[in-house]
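Following: one structure in structure tokens, then a few remarks.
Readers should treat all values here as calculations from the given coordinates under stated rules, not as data from a laboratory. From a predicted model like this one, the values you see are computed outputs, not experimental measurements. Cβ placement follows ideal geometry from the backbone for every residue including glycine, while neighbour counts extend to all protein chains displayed.
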Amino acid sequence: MLGQFMATVQLDGQSAVLPVQVVASDFPALFGLPWMQYIRPNWERLIPSFSAVPSQVMHIDNAAVKVYVETLSSRFASVFGKTPGPIKHYEINLRLKPEATPIFRGPRTVPIPLREPTQQTLEKMEAMEFIERCESGPWGTPIVVVPKKTSDKAPPEVRVCGDFSVTVNGYLDVAGRELPQLDDLSLQKGTYFCVLDLANAYMQLRLGRASQDILKLTTPWGSYRCLRLPYGISSAPNDFQEIITDILAGISNIFIYLEIFCCGETLSKVAKQS
């Protein structure tokens, strides 16, 4: 990029002072997201076929897609299994600031209606090797229990997280790849688009032993050591972004923002990308 200047932009009676970026290449002018926050184009006038775009373009549900998904899940059964991960050859090791000292916070009270589902969730997490029982201290983070939305007749379900804001987050050295801005989104030559969503994404990453001992959870039923990267860690998004970007380096027409977005001119090209 050669530089940037501010200019008055006018369109269909709308006006705003917006940044214009100049690049040293023969690149088409782009009406980016920052401009769209202030200027609303009349897309139906600019693109005559815009209003005629069928709703199924937003979500393709046909036999070809179903066959592709079934083939993919059968060929890579371990990837589509019920237990997420772990991602091979990668391990998360938390980096603490020099002044870090262990903090232990005892368990918080779990409301009576949520006690049984909380215990069931902990047992499930233990069976999936996300956590394991351990002795308490010197680090200890209380759990936070968040009810999930279920039907009126279904038994209550909960999500169990650690409130790391009161313990380790303040001492973490948050380094690594920063999350991309939406302005960086570039999926050129895309007719078909696909989103690959990793189940329990962070928890597919193993923790090093020293980090496991830092990320201990305190509950009314004892302490648990996190074996995988839990949600709520301030460095988790950067670490996850760095690893997924490294794994998928060299693959074109993809955009990584915690999830994986890919595109292609045909369904077969999207299949090759994913």
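Structure notes:
- Whole-angstrom gap from the range 89-118 to the range 213-230, using each part's C-alpha centre: 5 Å
- Distance histogram in 5 Å bins (all Cα pairs of the range 1-49, percent per bin): 5, 17, 25, 23, 16, 10, 3, 0
- Over the chain, the fraction of Cα-Cα pairs per 10 Å bin, rounded to whole percents and listed from the shortest bin up, is 5, 20, 25, 22, 18, 9, 1.
- Amide hydrogen neighbours beyond the local backbone of VAL144, cut-off 5 Å, H modeled: CYS161, GLY162, ASP163
- Proximal charge balance of VAL158 [Cβ under 14 Å; K/R count +1, D/E count -1]: +3
- Packing here is the average count of other Cβ atoms within 10 Å per residue, and on that basis the peptides 229-235, 214-220, highest first, run 214-220, 229-235.
- Cα shape, the range 197-274, gyration tensor, a/c 1.5 rule: prolate
- Table column - 3J(HN,Hα) (Hz), the range 71-77, Karplus curve with 6.51, -1.76, 1.60, x for Gly and Pro: 5, 5, 5, 6, 5, 10, 4
- Listed by chain and number, the aspartates and glutamates whose alpha-carbon sits under 16 Å from that of LYS82, ignoring those within fewer than 8 places in the same chain, are GLU70, GLU123, GLU126, GLU129, ASP197.
- Helix content alone sets the calculated 222 nm mean residue ellipticity of the chain: runs of n ≥ 4 DSSP H residues at -39500 (n - 2.57) each, divided across all residues, give -6500 deg cm²/dmol.
- Rg and Dmax of the range 140-256, based on Cα coordinates, read 17.6, 54 Å.
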